[in-house]
1. Hey, any idea what % of the chain's accessible area is carbon plus sulfur with a 1.4 Å probe?
2. I'd like to know how the range 62-112 sits against the 2.2 N^0.38 Å rule of thumb: what's its Cα Rg over that expected value?
3. Any idea of the accessible area per residue across the range 1-118, 1.4 Å probe, to the nearest Å²?
4. So for R67, R106, R19, what's the accessible-area order with a 1.4 Å probe, most first?
5. Can you classify the range 98-148 as rounded, prolate or oblate using the Cα gyration tensor, where a ≥ b ≥ c are the square roots of its eigenvalues, rounded means a/c under 1.5, and otherwise it's prolate if a/b beats b/c and oblate if not?
6. Only helical DSSP H runs with n ≥ 4 go in: add -39500 (n - 2.57) per run for the chain, normalise by residue count and round the 222 nm mean residue ellipticity to 500 deg cm²/dmol.
7. Give me the percent of Cα-Cα pairs in the chain that sit more than 18 Å apart, rounded to a whole number.
8. Consider all pairwise Cα distances in the range 1-67 and report the whole-number % of them above 21 Å.
Amino acid sequence: GLMDLLRQLFSKTEEAKSRGLKNSAFSFHHADGRCPDCNGLGQQKTALDFMGDVYIPCETCKGTRYRPEILECLWNNKSVVEVLMMTVDEACDFFVSAPSIAEILRALQDTGLGHLVLGQPGNSLSGGEAQRLRLATGLMSKEKGPCLYLLDEPSTGLHYFDLLKLMHVFNR
């Protein structure tokens with residue numbers, strides 16, 4: 001739900017309102033927001049006859065994947081692309097004044113995911129990171145009552161201090 005909250009936040013900026021931009025404009029998956037030249041891929045393919053294809057950054061969006069007018073909508077002097085390039089730790093400090101976003105970011109931080117980049121594709125996560133992401137999602141759940149978590153090596157690759165954070169979460 002973090003991306004939905006970010007899209008809502010950017011759609012409420014003065015620039016977005018003046019342009020009539022809705023939440024969907026702040027997603028490169030939607031036609032309202034994605035660059036029309038690269039279709040939100042951020043790069044264009046050049047086929048070479050005797051070699052593999054070459055990908056170059058899109059000249060229109062400069063690899064950001066968004067329409068140029070989307071990048072002009074700023075929240076706290078940052079565009080949606082600049083926010084998506086932040087780590088969870090950086091975003092925690094940046095979104096102090098947005099409690100619903102900060103709460104999600106803290107859950108990610110508590111489970112040792114402070115190093116992840118907000119715009120990082122899910123398929124690039126390690127197995128342990130994916131498990132800790134699901135754990136953070138579970139911690140955000142408003143349902144109360146007994147709950148059983150089965151985790152397979154969630155601490156693999158964690159720094160000692162991140163492991164201590166994760167143990168604190170388990171104990172809590």
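1. That fraction is 54 percent.
2. With N residues counted in the range 62-112, Rg over 2.2 N^0.38 Å equals 1.26.
3. Here the residues of the range 1-118 average 56 Å² of exposed surface.
4. Largest to smallest exposure gives the sequence R106, R19, R67.
5. Because a/c hits 1.5 or more and a/b fails to exceed b/c, the range 98-148 counts as oblate.
6. -11500 deg cm²/dmol
7. Value for the chain (Cα pairs over 18 Å): 66 percent.
8. Within the range 1-67, distances greater than 21 Å cover 36 percent of Cα pairs.
The values are calculated or read from the model by the stated rules, or taken from the named source; none is laboratory data. Being a predicted model, the structure only gives us computed values, none of them experimental. Glycine gets a Cβ as well: all are built from the backbone with ideal geometry, and neighbour counts include every protein chain shown. The protein model used for the area step is the full one, side chains on, heavy atoms only, and it has no ligands, DNA or RNA in it. Shrake-Rupley method; radii C 1.70, N 1.55, O 1.52, S 1.80 Å.
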